[in-house]
Amino acid sequence: MSKNSKVLNLKDKVSGNEADLSLSNLTEVPVRELAMFPKATVLDLSCNNITSLPPEFCSLTHLVKVDLSKNQLTCLPDDLGNLVNLQHLDLYNNKLTVLPASFSHLRNLKWLDLKDNPLEPGLAKAAGDCLDEKQCKQCAAKVLQHTRALQEEVDRAREKRLLREKELERKREVKQREREAREKEARKREKAEEKERRRKEYNAQMAALAAQEQQKKKREEKKRKNGQAAAEKKAAVESAPKPRRSVCGLLFRLLLLLLLLLAAAAAACRLTDLRREAVCVAVDDGLSWVRVQQGEVGRLLLKLSAAAGELLDAAKTTENANV
């Protein structure tokens, strides 16, 4: 059957508010074509070979009565509860075992037939026999109640699962925060310890530098004092004999000069006719006195030289001891 023939046949099968597609050997529901007839609120699909309803079937929200009896349905679409206007549903003689959770949303459902389906025990008990109008109405009410209870149980289970997941997530977040806090505290402690270690190292370095500087100052001060003392001692030692040596040398030089002058004067007197003059006589007397005093002057010079040598030796000995 082509699409156009389906449309033509469907037009032929729609009468007023009813679309009769029973005994049409259908294997699937022509949802698109049915959607073109929103006034057809009664749909008869009984006695066909339909094994499943497409999800799009749940968009036919204008349906009020649907007959799917004597087909091969093994399941119903999950969104069947979207058929909010559905009041009458015939599922007699199919292969259904369960109903979708959304079935509980069919709040306007007043009539239901689930006979001759391999229903699971709880659903079969709620459905009952449905042998007459009254039982079928009771079937609709009880099945809705049953599915609502199942839905509530599913919702509770889902809510418990969500609560457990939230609790687990909360615990994970708490543990994560605690771990982060511990890690932060550990990092803070490590930074403080590192800072304290660097501070101690810095203080130790400063103390070592200060000690070195102090020792350097002490050595320099000691060296300066020793040098000053040595210089003072050396100056004292050197200054003592120098005047003596200088005086001795000066006296010696003066004596020599005097002798030379006397000798020159004596020679001049002897070589000239002035030997009888008073000057020449004085020169001769001076030379005589020098010859007499020569021994005493030599001994005096020797004593002064010996004393100066002893002072120099004592000064050098003291300087070496201090160094």
Tell me, what is the FRET efficiency for residue 172 and residue 148 to the nearest 0.05, using R0 = 56 angstrom and their Cβ-Cβ distance as r?
-> 0.95
Of all DSSP beta bridges with both partners in the range 1-100, the antiparallel percent, nearest 5, is 20
Determine the alpha carbon to alpha carbon distance for each of 11/125; 11/142; 13/125; 195/218; 13/110; 134/160 and list only those over 29 Å.
-> 11/125; 11/142; 13/125; 195/218; 134/160
Note the per residue figure in Å³ for the convex hull of the C-alpha positions in the range 3-157.
-> 99
In nm, to one decimal, how far is the residue 310 label point from the residue 190 one, both placed 7 Å along Cα→Cβ?
-> 8.4
Once both label points are put 7 Å beyond Cα along the C-beta direction, the residue 52-residue 124 separation in nm becomes 2.5
Within straight cross-link reach of residue 222, meaning Cα distance under 27 Å, which lysines are found once same-chain residues fewer than 8 apart are removed?
-> 233, 234, 316
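Read the figures in this text as sums done on the coordinates, not as results from a lab. Only a predicted model underlies this, so the values are computations on that prediction, with no experimental measurement involved. All Cβ positions, even for glycine, are placed from backbone atoms using ideal geometry, and neighbour counts span all protein chains on display.
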